Amino acid sequence: MAEKLRIKKYTNRRLYDTEKNAYVTLHHVEVIDATSKEDVTAFIPTIK
C-alpha cells in the first residue's frame, strides 16, 4: 500500500500538505475513496 499523506482542504478550496508545509494541486495527488477504493480525484474541486 502507498504511503498516506495528510492533506487539509481549506474553505478557499486549496489543498495543503501538512508534512511538507506546501500547497498542492491535483496534478500532485491521487484521491482514492476509502470505502470503494475508486479514484475520485476528478470529483475533488480545487484551484489549480
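Where a number appears in this text, it was derived from the coordinates with a stated rule and is not lab data. Here the structure is a predicted model, which is why all the values come from computation and not from measurement. Note: ideal-geometry Cβ built from the backbone for every residue, glycine included; neighbour counts use all protein chains shown.
Any chance you could count the Lys pairs in the chain whose alpha carbons are under 19 Å apart, treating pairs 8 or more apart or on different chains as valid? Display every interim value, and only then the final one.
Numbers: Lys4/Lys20; Lys4/Lys37; Lys8/Lys20; Lys8/Lys48; Lys9/Lys20; Lys9/Lys48; Lys20/Lys48.
Lysine pairs meeting both conditions in the chain amount to 7.
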Checked against the positive end of the charge dipole of the chain (+1 on Cβ of Lys and Arg, -1 on Cβ of Asp and Glu, about the Cα centre), the farthest of Val40, Thr25, Asn12 is Asn12
Before anything else, pin down the relative contact order of the chain: Cα pairs under 8 Å, at least 6 apart, normalised by residue count, whole percent. 27 percent
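Give me the dipole magnitude in Debye, nearest 20, for the chain about the Cα centre, with unit charges on the beta carbon: positive for Lys and Arg, negative for Asp and Glu. Let's see the in-between values first.
Values: 9 positive and 7 negative charges, 62 e Å.
Charge dipole of the chain: 300 debye, to the nearest 20.
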Once you have all Cα-Cα distances for the chain, histogram them in 10 Å bins from zero and send the whole-percent values. 23, 59, 18, 0
